[in-house]
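Participant: This is the structure I want to talk about, given as structure tokens.
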Amino acid sequence: EKTITIDQIEQAAQEAFDETKSLSGGVNAHYIPYLANIDPGLFGISITLLNGKCINIGDTSYRFGIESVSKVPTAILVMRQQGPEVLLNKIGADATGLPFNSIFAILLENDHPSTPLVNAGAISACSMVLPAGDSAGKWKAIVDNITELCGSAPVLIEQLYESESATNFNNRAIAWLLKNYNRIYDDVNMSLDLYTRQCSLGITSAQLAVMAATIANNGVNPVSGKAVFDEAITPKITSLIATVGFYEHTGDWLYTSGIPAKSGVGGGVIGVLPGVMGISAFAPPLDEAGNSVKAQAVMKSFVNKLELGIFNGN
Ligand code: GLN
């Protein structure tokens, strides 16, 4: 066990931020019109420690689209409602090695969507959320879960929701292919709409760091003090994140950073260091796999400075 002081953590975060703030490279998500128009210069890093202390540097109260980071809380919700075993059996926990929006995620393993952290499995997960058949009830469960994990509520970005709903043809195809293979457990269009809406929730990196810290803290939100989920879920969701959080770049990411992390095309990333802290970073320009260039750089720099990677054996 090595001891790191809060001062060391603050200093490493500030250094990582200063070193990476003028990095160029990447482009905003262009296939969702709303995201294409977000200021590409926004940048922030947030850290929440397990004693509840929050460190925020840069644009950490800017509300951006949560996008695929929402796949994490909804996978947690399905586990809260039905247990990790049901999630494994109905969706799976494997890497796909494929882009987030690949239809092949469904076909890889006996018509099984592989993991709730790619589009196919996430749409399937939305179909599993209870109460079945009740769109408003399911939406409330999804939002309440995120609110508990963050200790404050997300806010739907209506324009983003409209923008995504009008352009989500690939996801519609995925949803119907899932239906064909009996991997949609509720109404197809309702499940797709819930997925699209959860992706359109506005969130800040400060909020996401608290979510990551709640996961790192075995389900107890370290800021609100509320026990949100059973501690048995932390190793399950963290292994899902480690396996596929950066899609086809997941292995390279884990190899270079040592931190299980999940990205979204809104530019947000969460990183989970179980028993240690939660981290979030945000910057809109993305690499070719849809992962934020600067969020990756700042998080990697921070974690490597303190040698906090999970394989460092802290
Ligand atoms: N809403 C986006 C989509 O389904 C989310 C993708 C992502 O963040 N990787 O295409």
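Participant: Determine the dipole magnitude for the stretch 6-308: charges of +1 sit on the beta-carbon of Lys and Arg, -1 on that of Asp and Glu, nothing else is charged, the reference point is the Cα centre, and the result goes in debye to the nearest 20.
Facilitator: Around 340 debye, computed over the stretch 6-308.
Participant: Also, quick follow-up: In whole Å, what is the distance between the alpha-carbon centres of the stretch 81-129 and the stretch 41-64?
Facilitator: 30
Participant: Still on this structure, I have one more. Each label point is 7 Å from the Cα along the Cα-to-Cβ direction; what then is the distance between the points at GLN82 and TYR255, in nm?
Facilitator: Placing both labels 7 Å along Cα→Cβ, they lie 3.5 nm apart.
Participant: If I stretch the segment between ARG172 and ASP230 completely, what's the gain in nm (0.36 nm per residue apart, minus their alpha carbon distance), one decimal?
Facilitator: 17.6 nm
Participant: Counting only Cα atoms, I'd like the Rg/Rh figure for the stretch 270-314, Kirkwood definition for Rh.
Facilitator: Expressed as Rg/Rh, it is 1.01.
Participant: Could you give the distance between the Cα centres of the stretch 13-40 and the stretch 208-269, to the whole Å?
Facilitator: The stretch 13-40 and the stretch 208-269 have Cα centres separated by 21 Å.
Participant: Another question, then. Along the Cα-to-C-beta direction of ASN89, a point sits 7 Å from the Cα; which residues of the stretch 129-156 have their amide N less than 19 Å from that point?
Facilitator: 129-130, 132
Participant: Using a simple charge model, +1 on the beta-carbon of Lys and Arg, -1 on the beta-carbon of Asp and Glu, nothing else, what dipole does the stretch 179-314 show about its Cα centre, in debye to the nearest 20?
Facilitator: The dipole of the stretch 179-314 has a size of about 200 debye.
Participant: Here's another thing I want to ask about it. Using only the Cα atoms of the stretch 6-308, what do you get for the radius of gyration and for Dmax, in Å?
Facilitator: Looking at the stretch 6-308, its Cα Rg and Dmax stand at 17.4, 54 Å.
Participant: Continuing with the same structure: Identify, among MET299, ALA16, GLY271, the residue whose Cα sits farthest towards the positive end of the charge dipole of the chain, taking +1 on the Cβ of Lys and Arg and -1 on the Cβ of Asp and Glu, with the dipole about the Cα centre.
Facilitator: The one lying farthest along the dipole's positive direction is GLY271.
Participant: In the calculated pair distance distribution of the stretch 103-245, what percentage of Cα-Cα distances lie above 20 Å?
Facilitator: 52
Participant: With viscosity set to 1.567 mPa s and temperature to 4 °C, compute the Stokes-Einstein D of the stretch 174-221, Rh being the Kirkwood radius across alpha carbon pairs; µm²/s, no decimals.
Facilitator: Estimated diffusion coefficient is 100 µm²/s.
Participant: Oh, and also: Please give every one of the lysines within straight-line cross-link reach of LYS226, meaning a C-alpha to C-alpha distance under 22 Å, and leave out same-chain neighbours fewer than 8 residues apart.
Facilitator: LYS53, LYS71, LYS138, LYS140, LYS236
Participant: Right, something else. Using a Förster distance of 51 Å, how high is the FRET efficiency between PHE104 and GLU307, based on the Cβ-Cβ distance and rounded to 0.05?
Facilitator: 0.85
Participant: Now for a separate question. So what is the diffusion coefficient of the stretch 22-126 in µm² per second by Stokes-Einstein at 10 °C and 1.306 mPa s, using a Kirkwood Rh over Cα pairs?
Facilitator: Value of D from the Cα-based Kirkwood radius: 98 µm²/s.
Participant: In the chain, if the dipole is taken from +1 on Lys/Arg beta carbons and -1 on Asp/Glu beta carbons about the Cα centre, which of LEU35, MET79, TYR255 is farthest to the positive end?
Facilitator: Checking the options against the dipole of the chain, the answer is MET79.
Participant: What distance in nm separates the two pseudo spin-label positions at GLU15 and CYS54, each 7 Å out from Cα along the beta-carbon direction?
Facilitator: Result for the modelled spin labels: 2.6 nm.
Participant: Which whole-number percentage describes the relative contact order of the stretch 6-308, with Cα contacts under 8 Å and a sequence gap of 6 or more?
Facilitator: It comes to 28 percent, rounded to a whole number.
Participant: When only Cα pairs under 8 Å and 6 or more residues apart are kept, what is the percent relative contact order across the stretch 266-314?
Facilitator: 31
Participant: Still on this structure: Can you give the calculated 222 nm mean residue ellipticity of the chain, where each DSSP H run of n ≥ 4 adds -39,500 (n - 2.57) and the sum is split over every residue, rounded to the nearest 500 deg cm²/dmol?
Facilitator: -13500 deg cm²/dmol
All of the numbers you see were taken from the coordinates with simple rules; none came from a lab. Everything numeric in this text was worked out from a predicted model, so none of it was measured. As a convention, Cβ positions derive from the backbone with ideal geometry for all residues, glycine included, and neighbour counts pool all protein chains shown.
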